[in-house]
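S.K.: Provided herewith is a single structure, encoded as structure tokens, for subsequent inquiry.
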Amino acid sequence: MRTDQVYRKTKETEVTAKVNLDGEGKAEITTEVAFFDHLLTSFATHSLIDVTAKVQGDLKHHCIEDLAIGLGEALSKALGSREGITRFGYAAVPMDDSLAFAAVDLVKRPYAVINLKLRGKKVEDMATEDIVHFFETLATSLSANIHVWTEYGGNDHHKAEAAIKALARSLKQAVAMDPRRKGVPSSKGAM
């Protein structure tokens, strides 16, 4: 099985992140930020990646940022050399009034373009800037190219949730093993 975990402790936070890429979408999430718990549970459910994530810390921003680091590192470790994976994933996800898209390349070149069109300062108990920062930090720590955008929507909760579900569906495709693939999925022979 493609599983791994990361434990990270700093003066600001203590993080545990475990993943199973070949899971069922099970989620055990404790982050001290209710909306973040909701987003990560949706991520696990729709990616079919089992996620156990726990963080305690001094500030919500630090908890969200450091959990993104831990989750990205755990996902990257579980992918190993990335041989045999599909590598790319793309999804469009509607949620009520909102429509979000995500595209992922697990190429080991971190880059993020995130445009969720969030209008308010908070969604539930989570700062909107921290939602965007989560996606950016995850891309860096996973060493992936991640593009997530909301095409339209009037409700920030729906836009953020559609975006995380689109990312989840994209990663589900990208981490999947391709039975026809020999070695890494790159014409360079390396990622």
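S.K.: Under 13 Å from the Cβ of Lys188, count the other residues' Cβ atoms, weight Lys and Arg +1, Asp and Glu -1, and hand me the total.
M.R.: With Lys, Arg at +1 and Asp, Glu at -1, the net is +4.
S.K.: Same structure again: Let me check I have the definition right: for the chain, take the eigenvalues of the Cα gyration tensor, multiply each by 5, take square roots. What are those semi-axes in whole Å, largest first?
M.R.: 25, 20, 14
S.K.: Only helical DSSP H runs with n ≥ 4 go in: add -39500 (n - 2.57) per run for the chain, normalise by residue count and round the 222 nm mean residue ellipticity to 500 deg cm²/dmol.
M.R.: After summing the helix terms and dividing by residue count, I get -12000 deg cm²/dmol.
S.K.: If Lys and Arg each add +1 and Asp and Glu each add -1, what is the summed charge of the other residues whose beta carbon sits under 15 Å from the beta carbon of Asn115?
M.R.: -1
S.K.: Right, another one. Where both residues lie in the stretch 100-191, what percent of DSSP beta bridges are antiparallel, nearest 5?
M.R.: Values: 8 of 13 bridges.
So the antiparallel bridges amount to about 60 percent of the total.
S.K.: Any idea what the dipole of the stretch 3-175 comes to, in debye rounded to 20, about its Cα centre with Lys/Arg Cβ at +1 and Asp/Glu Cβ at -1?
M.R.: 440 debye
S.K.: With 22 Å as the limit, write out which pairs from Lys9/Lys159; Lys121/Lys172; Lys165/Lys188; Lys77/Lys122; Lys108/Lys182; Lys54/Lys159 have Cα-Cα distances beyond it, or answer none.
M.R.: Lys9/Lys159; Lys121/Lys172; Lys165/Lys188; Lys77/Lys122; Lys54/Lys159
S.K.: Please list the helices of the chain that count as membrane-span-like by this rule: a mean Kyte-Doolittle hydropathy of at least -1.0 together with Cα atoms stretching 24 Å or more along the helix axis, each helix being a complete DSSP H run.
M.R.: 60-79, 156-175
S.K.: Okay, moving on. Once you place label points 7 Å from the Cα toward the Cβ at Asp22 and Met1, how far apart are they in nm?
M.R.: 1.0 nm
Laboratory data are not the source of any read-out in this text; all were calculated from the coordinates shown. This one's a predicted model, so the numbers in the text were calculated from it and none came from an experiment. Every residue, glycine among them, receives a Cβ derived from its backbone with ideal geometry; neighbour counts consider all protein chains shown.
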